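Engineer: Encoded as structure tokens, here's the structure I'll be asking about.
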Amino acid sequence: MKKRSITFYALSNFQSLLDDMVVPAERALHEAIQVSPLVHSDEAKKQKVENLLKEMRLSAATVRRIKEVFISEMNKGIHQQPSSLQMENTYIPELIDGTEEGQYLALDLGGTNFRVLLVELQHGKIMREKVKKYEIGSHLRIGSGYPLFDYLAECVSDFVINEGLQDTELPLGFTFSFPMVQHALDIGMLVTWTKSYNCPDVVGKNTVQLLREALARRGDTKVKVNAILNDTTGTLIQGAMSDPKTAIGLILGTGSNACYVERADRVEHWEVERHGEKEVIVDIEWGAFGDNGVLDFIKTDFDRENDANSILVNSFTFEKYIAGKYLGEIVRVILARLYKDGLFLSSKVTPNALLTPGNLTTDLVSHIEQDTVDGGKKNTVEVLSKFGVTIDEDDINVVQYVCEVASNRAALLVSICLAYLLERINKDDISIAVDGSLFKHHPRLETWMYKYIRLLAPGRKFKLVLAEDGSGKGAALVSAIAQRLQRRID
Ligand code: GLC
């Protein structure tokens, strides 16, 4: 009895000790995630605007809940249970080790541009590189996939022949930034298209095979596709070349996703023979996080409308909250709603441009956010003038407020996931290699991310390092790693 009450006393003391620690941490988080208040000449309208955007502002408790859901989905995914997180094995167990030599090609498909690269490596360092961008018309992005792959092969040939390398055997790493199931380092079956692509006949097919066949049909080069990867993986590998502490690759661009270095013994999906690998890169495919409904508690009407206006409705839930392809549209949807409710733009002219989906791109959000950083309004006026309406000071403030709320939520969501990855990887000091237009051009994301990750993963040492063109150069580096691994097996 006595023992029990001592235990009870100790436990309740421990609880209050915990409360003392948790409550300030919760308070700090709550304070940190506040956005600047809306400035408005009309108090009633101000409150209505703030009220309408209330659900876009995550509370500290919601932040904790998102983290719990993310952890649970990651664990299910890695244990091959139903989950919205694919947790795909990339079969890349090692980074660059300094022995890589020679010329490698890279193909980068999935971002804003399609590119072919030639990279020359000496002692695992890039000594020379050549890049050429090619346009992919929308008629190739939507429809049958065969013309698309023929075009990719045509671009590779054009590039290689221009370099006078048509008779040289060249290994090629293929960055294919779409969700795929990997059966090996050079086998990637497309799960679904995303972003602005939709060629249904490619779904379920091995895209390496499609590329090899298209190259063979031409038969005018000696290119050997030896690896397929995702842009996050390329970014991680490229980041690790200059900073060996890199253990996470992050893309915040048209789409969003991350990969990280996982303990090999935790990875169950492994179809090729193991060779004592200690670690392996796992592609999370977090764009689809919440596609099974687990994140519905943060979905607002604005998100539903954004989804309805997208190419692939009911998919890529998380990506639609954060990525460059969608952030501008979220802002537009909110502004259109505020206009309809008489809370934005008093002009008599209907702002048709604003009411049309897709008309407010994310680069404009970044442009407006720059004003908030500078305390100015020049960019905001410039953007609003595109909508051909008369604006006043209140309209400027409302637009800046909406851009901040939507951008801030994106930064917070990404930070929640990154903070958990730092805990999961559990190394003393971790560098996160980042690439993508949104990260590069949005003036506030990085600062917010540092603030939120520090609060959500207290005591963890990390840094965000820009790894430009990881999806391009990284593919060439992965091709070199693939060649090294193959030689070891042969
Ligand atoms: C999409 C793709 C993913 C890619 C990301 C960033 O989410 O599914 O594979 O990494 O976009 O480009």
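The numbers here are math on the coordinates, done by the rules we state, and not lab data. In this text the structure is predicted, and so the values were computed from the model without any measurement. Note that we place each Cβ from the backbone using ideal geometry, even for glycine, and neighbour counts take in every protein chain shown.
Engineer: Using Stokes-Einstein with the Kirkwood hydrodynamic radius over Cα pairs, what translational diffusion coefficient do you get for the range 84-158 at 25 °C and a viscosity of 0.890 mPa s, in µm²/s rounded to a whole number?
Structural biologist: 166 µm²/s
Engineer: Taking the alpha-carbon set of the range 229-330, what are its Rg and Dmax in Å?
Structural biologist: Rg, Dmax (Cα atoms, Å): 16.3, 50.
Engineer: Helix-only mean residue ellipticity at 222 nm, the chain, DSSP H runs n ≥ 4 weighted -39,500 (n - 2.57), per residue, nearest 500. What is it?
Structural biologist: When only DSSP H runs of four or more count, the value is -15000 deg cm²/dmol.
Engineer: Put a dot 7 Å past each Cα toward the Cβ at Glu50 and Arg424; how far apart are the dots in nm?
Structural biologist: For Arg424 paired with Glu50, the spin-label model returns 3.7 nm.
Engineer: Full extension from Val131 to Ser144: what is 0.36 nm times the residue separation minus their Cα-Cα distance, to one decimal in nm?
Structural biologist: Additional length available on full extension: 1.9 nm.
Engineer: Of the chymotrypsin sites (Phe, Trp or Tyr not before Pro) in the range 244-332, which ones lie in a loop per DSSP and count no more than 16 other C-beta atoms within 10 Å?
Structural biologist: Trp270
Engineer: Follow-up question, since we're still on this one. Taking the Cβ of each residue in Asp341, Asp371, Asp435 as the centre, tally the other Cβ atoms inside 10 Å and list the residues starting with the fewest.
Structural biologist: So the ranking, lowest neighbour count to highest, is Asp341, Asp371, Asp435.
Engineer: How far, in nm, would the chain grow between Asp341 and Ser385 when pulled straight, counting 0.36 nm per residue and subtracting the alpha carbon separation?
Structural biologist: Between Asp341 and Ser385, full extension yields 13.8 nm more.
Engineer: Among Glu73, Glu262, Glu279, which comes first, second and so on when ranked by fewest other beta-carbon atoms within 10 Å?
Structural biologist: Neighbour counts put them in this order, fewest first: Glu279, Glu262, Glu73.
Engineer: Which value, in debye to the nearest 20, gives the size of the charge dipole of the chain about its Cα centre, when Lys and Arg are +1 and Asp and Glu are -1 at the Cβ?
Structural biologist: 980 debye
Engineer: Taking the Cβ of each residue in Asp428, Asp42, Asp243, Asp469 as the centre, tally the other Cβ atoms inside 10 Å and list the residues starting with the fewest.
Structural biologist: Asp428, Asp42, Asp243, Asp469
Engineer: Starting from a Cα-only point model with no solvent, please compute log10 I(q)/I(0) by Debye for the chain at q = 0.06, 0.09 1/Å.
Structural biologist: -0.30, -0.66
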